[in-house]
Structures are given as C-alpha cells and as structure tokens.
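Each value in this text was obtained by applying a stated rule to the coordinates, not by laboratory testing. Since the model is a prediction, treat every value here as computed from it, not as a measurement. All Cβ positions, even for glycine, are placed from backbone atoms using ideal geometry, and neighbour counts span all protein chains on display.
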Amino acid sequence: MSGSRTHYCSRCLTTFLTDVDSCPNLSCRSVRPHNGWGELLEAGDIIDRNYRILDRLAIGGAGVTYLGRELDPQEVEIGPRLAIKLLYQQRDQGPYLRRLATEAQIIQGLNHPNIVEYQGFVHRANHSPYLITRYEAGGSLLDHIHRVGVLNVPVTAAIGVQVCGALAMAHAQGVIHRDLKPENVLLERQVLVEVVPCLRLADFGIAKVFGGVGERLTRVGAFVGTPQFAAPEQFDGLPPEPATDVYAAGAMLFYCLMGRPVAGHMDALDPDQQLPHLLSHLPPRLERPDLPHDLVEKMEYILGRAMAPQAHDRCPMEEFARLLGGLSAGAPDPAAAGRQDIVSAPPLPNIGGRTANPDAKRTTDKRPDLKKPDLKKPDPVKPPELPAPPRPDARRTSSGDGAVKTGQASSGLGCGLVVVGVGGLLAVALTAMFGVWWSQQEGGGDAIVLSSKDTDPERLAEWNLVAGALGQSGRTAARQCRAPLFISMDATVDEAGKVTALTLPNYDHTPTRLCMLEQVQKQAVPRKMKGTVRVALTLTGKQ
C-alpha cells in the first residue's frame, strides 16, 4: 500500500494529499467531518475484510469503482476479478444509496448474456455500501472507439443486435435504462476494429422501474440522462418508455459510425436550447464516403426509424434488432474473397405479444427526406465453421484471471467474429480520431527527439505510434480526472514502452496534475524503434 493517502471532500469531490482542516476548494471550504475526510483506496487495500483492491477503474459522482478479488479466510485471492462500486463517504445514504440498491436489484433480476453479471450487494452499519459485478476487461465501448477508431456498418449493426437483446429483456421485466451511452456498454475483452466485441450493458443506477422499487427516485419533470444521447421527450421531463431506450440505442450506434454525437455541444447549451438544437439534427445523417453507399443508406434509414422525434413513431425494439441483424449479415463483395464471412443474427423473439411488421406505414416513412432504401434480405452466404454456441440460458464461466471460456451470446451473434465491411477496413487519421494537433519542443539528455515533421519514414512512423498512444492516454486521463481537455505533454518513453518522465506544464492544480500523471504513466506505449524517445504534443478539443 502507498504511504500517502488521497483524501476527498464529499461535498465537492475535490481531492488533496494532506489532511487539512477545511476543503482547499475556495468555492466549497467545507470543514473536516467529525469522522475525517474520505480516502480513495489504493492497490492492496482491503474492503470489508473480504475484497482486495487491485486498481481504481472509474471515479463517478456517487462513488468510485475499483477492480478487486475476493479473499478467503487466509486472505488468499480467489474467484474471478470483480468490479466493486463503493459509495463515497457522506454520500452513502439518501438518494445515492437508494439508486445503488435499485441498480443491484435490477441487475440481479436481469440474467442476460449482454448485461453485467450481478455478484452481490453489501450494506451494513459503519461501512459504505457497495455493489459487486463481474469485471469486464475490455473497457467501455467509448474506450474501444477511442482506441480503434470509428466502426464499419456490419460491426456497428452487430453491436446494436446485442444491445437490443439486453434492452428487450429489461423492457420485458418493466425496466427502462434511460441512460444508454457508450460509457455504459462494456466489452468482455479488447478486440480489433473489424471484430465484433462481446458486450455487457451496465449502469442501471437511474433506470426506471414501473410498478416497483425506484419509481419515485426522480421527481416528475426533471431531466434524467445524458444530453448527447437522450431522447427528445427526456428534455420535456416526460415519463420514459421503451421507445426512449430505442432512441438512445440509435444515438449510440450513430456515435460508433461517426465518432461524435448526433448533435454536438449539447452539454454546453442552455437547457431551453437543447431540444431545438437536437431536433435540428434529426433525422440523423451519416457522412461516411469511405463506406459502401448502399450500406450507409440502409443504416441511415434504420437509425431514422429508431430516432424519430416522436416516441410513437419509432420502431419497436424487436424490429430495430431485426433490421440491424440484416445489415450485420451483409455478404462481402468479390474484393473481400478469402476473408471471414459475416455471421447472421436471428431476429429477437416477440416481446409483449407484439409482432414487428416491416411493411407497416409509419409517420417517419412519409417524410420526404427519409427515403426507405431497399432492405431486401441478401443472398445467403455459407457461414464459417464455428464452435457450438452455449445454451441460451447458460451463464458464461470465467477463470480466476477473468478469461472468458464461452464465446457467444445467446442472441446467436458470434462475439469476436471478424466482420469485414464491403469497402474493406477503415484507416483513421489521428487528427480525426483524437482531435489533436502536435507541436515540437527541444529534447534533452540521450533521448531521440521525435517530431511530426520528420522526413525519415521510420522516425515518422514511430512518432505517429508513440504520439497516438500518448494522445489516447491523455484523453482518457482527462475524462477520468475530470480535467479540462487542453493538455501539453513532454514525455520520455523507454524501449519497453514505459513513460519514464512526464511533465504537464499547463496543469497547475496539484490533485488534478497528480491524477493525470498517474493515469498517463500507467499506460504502456507501443514501440518499434530501439532507444528512448522524447515526444512533445498538445491535445485539445471537447470531451
């Protein structure tokens, strides 16, 4: 365990390293509570005598999520790796506690391969409550897009089929997620851009449960959700319904394809301006000239059906899944011969007795700017030889290190399959992917100073490799540390990819700088050239 502890103020969540008498945040100035400041746990700490902390995964508004392992009576780690969501001190009661308890009750009842697996909920006297779920090692869907770039249509459609399956299960039990976004969809493991990831839907903390627990957790008329992915009715404070999640699923798939929300800068607008701004961007328009026009046109039509401004005009979840399943099963063109075929996904079963009618007329079909493309089922293709999928009711099993042994979801879509778009793989420029611009600074010592202006191909390739990884780490760190995204970095990286020296000159707030340094330096940087390198860059843009 580390000798120094990171304290936090439960009122404003400012972090600091010394046990001061009052919060150093001048706009807060809370005095030290009678039981002391809250403390962030470090690797090696033990929660409640039963779980050892391995790492810190995420810091949120209600608490911190840690990576941990269960301990036996001899304090030996046993079982799979776990995600442990622990409420902040002083935020372990009232609405925060009720929402965590609601989330625990919801996911305990939703036994689905594409929903995070419940492991336990503990609330006892003199200890902050915590929720335990199985750890998903691939990070979030947002992390995946930042890592590999925007996705092609077949992979995006396959992701949508999994998400629709999880939401359909939730809706059948009266649960509406209402905060679906890339951060709340987790990957079982990291995969390449052309591979379909196995997904788990998470974070049911603000889910709406009809006729049961949690129904009154949010006052009527209050906005609940994330503006960039919220349905129009959420801005009016209307009660959520299954169509609310249909819209959010469409908005998330748009992000997978474009790397941005449908309407930008939503969080920076006045609340009265958000809904008109969103409506001006509907129906969504996909600008992907690098992809086959027919696939883009079909996906644009499907997203238009799911993201209609009026909830009653949106397609049902099972129809949404059926349309997406057709695109995930598109046959590759002759140029893709020899690559792995795309495996089709069967339609979801009817839910609530409704039958999807693909020929039914809807309001959105009548709009002149939403022309229905030809969505006829493609000619069948012979699927590759694959292992038999697990039984639909079987839960996945996992070894002690979290390695998943079963490889397919019960939806029938093979997670981990390579899906090649008709137009081939997409190469994404770093500037488009990260929103970065690079600057050169003078290097010192024995390090090789790399620059984006190098004319030697090998040095330039190394620059792009190292700077791209540092840029991704910087963006992720800024999000986790809740820091403004204007980062100047001067980093020295050794041959093994370890950041041995790092300065962040434009961060003068000590807790933020320490958090940023910790997050960036723990990420390995890919290397190809020999020798230590020094890279200077500036990362800017909006989160």
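Table for the structure above
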{"item": "Overall form of region 1-156 per C-alpha gyration tensor (a/c, 1.5; a/b vs b/c)", "result": "prolate"}
{"item": "Restricting region 12-59 to chymotrypsin sites (Phe, Trp or Tyr not before Pro) in coil, as DSSP defines it, with at most 16 other Cβ within 10 Å", "result": "none"}
{"item": "Cβ-defined net charge surrounding VAL20, 13 Å radius [Lys, Arg +1; Asp, Glu -1]", "result": "+1"}
{"item": "Cα-Cα over 28 Å, subset of LYS181/LYS522; LYS208/LYS298; LYS208/LYS522", "result": "LYS208/LYS298; LYS208/LYS522"}
{"item": "For region 142-156, Karplus couplings with θ = phi - 60° (6.51, -1.76, 1.60), whole Hz, Gly/Pro x", "result": "4, 4, 4, 5, 5, 7, 10, x, 5, 9, 8, 5, x, 5, 4"}
{"item": "Lys, Arg +1 and Asp, Glu -1 on Cβ, resulting dipole of region 34-185 about Cα centre, debye, nearest 20", "result": "420 debye"}
